[in-house]
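Working notes, structure below.
The values are calculated or read from the model by the stated rules, or taken from the named source; none is laboratory data. It should be emphasised that the depicted structure is a prediction, and the values quoted were computed from it without experimental measurement. Cβ placement follows ideal geometry from the backbone for every residue including glycine, while neighbour counts extend to all protein chains displayed.
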Ligand SMILES: Cc1cc2nc3c(=O)[nH]c(=O)nc-3n(C[C@H](O)[C@H](O)[C@H](O)COP(=O)(O)OP(=O)(O)OC[C@H]3O[C@@H](n4cnc5c(N)ncnc54)[C@H](O)[C@@H]3O)c2cc1C
């Protein structure tokens, strides 16, 4: 798709009336520096806000697989951010995947565009690009980042939110946004325990880079191997070929009741994965063995987040923290669209955060709820629970008409929002 295909996206949407007076330079604390957090920081800085991002990890987190953008809404937001061309430079080629049986014979195939959408990029590259973009020198107020820290309490007062941190000194911010993912701390502190908002959808997802000790031929071609309720895939992303230690990667999906483990305990996660693949055929044992020698593990449940109202007072949620679906729910695109709408509404409301938060939710909720639906079937599609379901899934993959229909449906869902045309307000009136 070329730029011109979507540069006039939503041209019928009336442009919002430009503001004549800039809103006051308000301070906003954002928790989480992955995708939603840096994207929001970029837009807020552009509108004259003073964003600070606190991130639990000591540095920007690497790892994670390729994520994709598809359809008009995603591409329009990227273009309005001025990031579309950079993303294209970093895009991964998208890899066709062959599903094999235990003897290595092909049983089904997936074309590259199935997972890659219009633009596919490594999650870590995307996060790095957004981080750099939120600090660009052309912004009036580049974002302040606090790494290796976490919010420990939030107390709303008449004119701000008093915040305490694990490490930094307490501070007061005008607004606080939770962009800290599926297991959001802001959501827990301001809205209630995770169990109220996060539903396990019956599957887990894991991924890691293969260590140097893995057999060189293991990831020579991109393959997926299924048994009822479990999938392992291996392959190499061409874009990473220049990384000295890169030997390929694996991605696993398995059915399981909800597991109880400490999310900071990497050994417990490895044990859970190894147990889920106990007795599996093909080269699965060899693949699972590499788990113990990798330091890049990504592991989470496939879950859906439903928060009845995304804001309370001066605190709001964004991205996976508000409407996550782990995998298959277009979480990355929805995070970027959400950041665009939230910042635009805050700028337009000129200080009235109640109005801004209400309009943000009103405009975004129907869209992201529809996108989230995809996450419901991710597990059963990738790792069908029975042999019959597996046979049916493979027949679907081998049917070009069925595949085209699925791709078209995903495109329609990802484009199902009338993006407001926020004026390019205030960039020329930087605050001190
Ligand atoms: C390491 C990693 C790998 C991923 N890999 C994939 C993948 O392969 N495929 C896929 O589809 N999706 C993946 N995701 C999820 C994907 O990035 C999100 O679904 C989507 O992009 C929405 O992003 P988000 O910024 O809302 O949430 P997330 O990307 O989940 O980011 C949340 C951020 O908040 C930080 N955080 C958590 N708790 C705190 C705290 N208490 N204080 C401060 N910061 C905190 C996290 O460290 C993280 O940086 C991955 C996420 C991470 C963090």
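A few points about this structure:
- Test for residue 208: is it within 15 Å of the ligand (Cβ to nearest atom) and modelled with pLDDT of 95 or more: no
- Search result, residues across the stretch 100-139 that are in a strand (DSSP E or B) and without any contact (Cβ under 8 Å) to a residue 24 or more places away in the chain: 106
- Being away from the ligand (no atom under 16 Å from the Cβ), at pLDDT 95 or above and at negative phi is true of residue 277.
- Considering residues of the stretch 37-78 that are part of a strand (DSSP E or B) and under 30 Å from residue 170 (Cα atoms) only, the residue farthest from the ligand (Cβ to nearest atom): 50
- A single entry from 164, 157 fulfils the requirement of being more than 24 Å from residue 61 (Cβ to Cβ) and without any contact (Cβ under 8 Å) to a residue 60 or more places away in the chain: 157.
- Test for residue 16: is it in contact with a strand residue (DSSP E or B) (Cβ under 7 Å, 6 or more places away or on another chain), surrounded by fewer than 19 Cβ atoms within 10 Å (Cβ to Cβ) and modelled with pLDDT under 90: yes
- When the stretch 384-402 is filtered for residues that are outside any helix (DSSP H, G or I), over 16 Å from residue 224 (Cβ atoms) and at pLDDT below 95, only 399 remains.
- Residue that is within 16 Å of the ligand (Cβ to nearest atom), farther than 19 Å from residue 305 by Cα and exposed (fewer than 15 other Cβ atoms within 10 Å of the Cβ), where the choices are 228, 193, 216, 170: 170
- Residues of the stretch 306-356 satisfying the condition of being within 14 Å of the ligand (Cβ to nearest atom), closer than 25 Å to residue 50 by Cβ and either part of a loop (DSSP other than H, G, I, E, B) or modelled with pLDDT under 95 (or both): 310, 318, 319
- Any chance residue 152 is over 15 Å from the mean Cα position of the chain (by Cα), in a strand (DSSP E or B) and within 14 Å of the ligand (Cβ to nearest atom): yes
- Criterion: modelled with pLDDT of 95 or more and closer than 21 Å to residue 334 by Cβ - qualifying residue of 165, 191: 191
- Lone qualifier among 302, 288 - being within 16 Å of the ligand (Cβ to nearest atom), touching a helix residue (DSSP H, G or I) at 6+ places or on another chain (Cβ under 8 Å) and not in a loop (DSSP other than H, G, I, E, B): 302
- Residue ID - farthest from residue 61 (Cα to Cα), chosen from residues in the stretch 173-189 that are surrounded by fewer than 22 Cβ atoms within 10 Å (Cβ to Cβ) and more than 21 Å from the chain's Cα centre (by Cα): 174
- Test result for residue 373, crowded, with 24+ Cβ neighbours inside 10 Å, in a helix (DSSP H, G or I) and away from the ligand (no atom under 13 Å from the Cβ): no
- Boolean, residue 262 is within 10 Å of the ligand (Cβ to nearest atom), farther than 22 Å from residue 364 by Cα and under 24 Å from the mean Cα position of the chain (by Cα): no
- Among the conditions (1) more than 13 Å from the ligand (Cβ to nearest atom); (2) in contact with a helix residue (DSSP H, G or I) (Cβ under 6 Å, 6 or more places away or on another chain); (3) not in a strand (DSSP E or B), residue 254 misses just one, which is (3).
- Out of 268, 272, 316, 335, one residue alone is surrounded by 21 or more Cβ atoms within 10 Å (Cβ to Cβ) and either touching a strand residue (DSSP E or B) at 6+ places or on another chain (Cβ under 6 Å) or more than 30 Å from residue 407 (Cβ to Cβ) (or both). It is 316.
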